[in-house]
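Nothing in this text is a laboratory measurement; each read-out follows from the coordinates by a stated rule. This structure is a prediction, so every number in the text was calculated from the model and none was measured. Note that each Cβ is placed from the backbone with ideal geometry, even for glycine, and that neighbours are counted across all protein chains shown.
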Amino acid sequence: MIVLAGDVGGTNARLAIVEVDGRTARIARERRYPSRDYPGLAPIVRRFCEEEATRPDRACFGIACPLVRDDCTAPNLPWTINGRALAAETGIPRTRMINDFVAVGYGIELLGAADLVTLQVGRPEPQGPIALIGAGTGLGQGFLIWERDHYRVLPSEGGHGDYAARGNLQAGLLQFLDRQFDRVSWERLLSGPGLVNIYRYLLASAVAPEQAAVRVELEKEDPAAVIAGHALAKTDCLSDRALDLFSEIFGAQAGNLALTVVSTGGVYLAGGIAPRIVERLKSGPFLTAFRDKGRLSELLSRIPVHVIMNPNGALLGAAAVAGRMG
């Protein structure tokens, strides 16, 4: 079966023609579009179909936004999308929108061992709940629960919950960002812009000096990528400290989500940032913060933690949902 699948984020919209066959899916052709260059999703879909000279009769799009009934207002894009209007505007009658992390969740069963890096082996419980969390342009979350003979994926907007600081350094970070944003969510820290926020705070707090060469790079290039690159290469102390603090906060919130859904089936880290910093997640403060849950620390030490390295997880999951549409 040939379907159209989409993974639509605040930065890019990735659309693909996917061949779906039961529990397997293969991306045949894919294109990427800058999300903010378009007034909505429908123009992107129409352009894709024109460029590919094809229009499948069923489509599913994983979108970084909360869906209420059939409406989506994207928090990181100036878009409001209605599912029925999208189907009419694109000429694809069987069109469905799902949360982007719901798409990631449905893609998990299509992944193999080579698509994952395990941070903590743990002792997974068969059919146990699974937690999803991932940082990119924003912070996505979701979870899977077992129903009869399969996992059902449910969305979460927990990334917009209130950030809980741990220790004096993070308390200062919370105060620093509160003066700018009035309210500080986890997404203000666990995202590309969040890593930059952490860097700015550590600089203002004189934790480490800023190199002039790094400052120039930050002005000319993607600042989050610059900070992460220097941190991983150990070429800038301030960037290194920023990525360590980012990893610590990431671990704490991943552990919070694991507790919330009692994810004995595992925690999967998705999004664009985790695969790029996977070596830091292995050896840095991520796992320490993940397990540091007081009387329930032993439970957290038994929960498997994996990084999804395959960048196509959401596309494959959206395709799987499209393939099951009636």
Gain upon complete extension [ASN12, ASP149; 0.36 nm per residue less C-alpha separation]: 45.9 nm
Roughly how many debye, to the nearest 20, is the charge dipole of segment 7-117 about its Cα centre, given +1 on each Lys and Arg Cβ, -1 on each Asp and Glu Cβ, and no other charges? 160
Computed ³J(HN,Hα) along segment 288-301: with the Karplus parameters 6.51/-1.76/1.60, θ = phi - 60°, integer Hz and x for glycine or proline, the list is 4, 5, 4, 7, 7, 10, x, 5, 9, 4, 5, 4, 5, 6
Taking Cα pairs closer than 8 Å and at least 6 residues apart, the relative contact order of the chain in percent is 24
Assuming a viscosity of 1.567 mPa s and a temperature of 4 °C, what translational diffusion coefficient in µm² per second does Stokes-Einstein assign to segment 214-291, Rh being the Kirkwood radius over Cα pairs? 97
Could you give me the radius of gyration and the Dmax of the chain, taking only the C-alpha atoms into account and expressing both in angstrom? 19.9, 59
Helix-only [θ] at 222 nm, the chain, -39500 (n - 2.57) per DSSP H run of 4+, per residue, nearest 500, equals -12000 deg cm²/dmol
For LYS293, counting only aspartates and glutamates whose alpha-carbon sits under 15 Å away and dropping same-chain residues fewer than eight positions off, the answer is GLU248
Centre separation in Å (Cα based) which lies between segment 137-155 and segment 233-287: 20
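Write down the Å³ per residue value for the convex hull defined by the alpha carbon atoms of segment 23-79.
Convex hull of Cα atoms, per residue: 124 Å³.
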Taking θ as phi - 60°, what are the ³J(HN,Hα) couplings along segment 91-104 by the Karplus curve (6.51, -1.76, 1.60), each to the nearest whole Hz, with x for Gly and Pro? x, 10, x, 8, 10, 9, 10, 9, 4, 4, 7, 5, 4, 4
Dimensionless Rg ratio for segment 161-281, taking C-alpha atoms and the 2.2 N^0.38 Å reference: 1.07
With no other cysteine's Cβ closer than 4.7 Å, which Cys residues of the chain count as lacking a disulfide-compatible partner? CYS49, CYS60, CYS237
Treating only Lys and Arg (+1) and Asp and Glu (-1) as charged, each at its beta carbon, one finds that the chain has a dipole about its Cα centre, in Debye to the nearest 20, of 360
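By per-residue mean of other Cβ atoms within 10 Å, what is the highest-first order of 237-243, 58-64, 86-92? Mind showing how you got there, number by number?
Values: 237-243: 21.9, 58-64: 27.0, 86-92: 17.9.
Averaged packing, sorted descending, gives the order 58-64, 237-243, 86-92.
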Please identify the trypsin sites (Lys or Arg not before Pro) of segment 260-326 that satisfy two criteria: DSSP loop assignment and at most 16 other Cβ atoms within 10 Å. Which are they? ARG302, ARG324
Please compute, over every Cα-Cα pair in segment 1-148, the percentage with a separation greater than 28 angstrom. 22
Length released on extending from LEU296 to ALA88, taking residue separation times 0.36 nm less the Cα-Cα span: 69.9 nm
For segment 199-326, size of Cβ-based charge dipole, Lys and Arg +1, Asp and Glu -1, in debye: 480
Potential lengthening between THR80 and GLN180 on full extension [0.36 nm per residue; Cα-Cα distance subtracted]: 33.4 nm
Distance (nanometres) between label positions extended 7 Å along Cα→Cβ at ALA113 and ALA208: 3.6
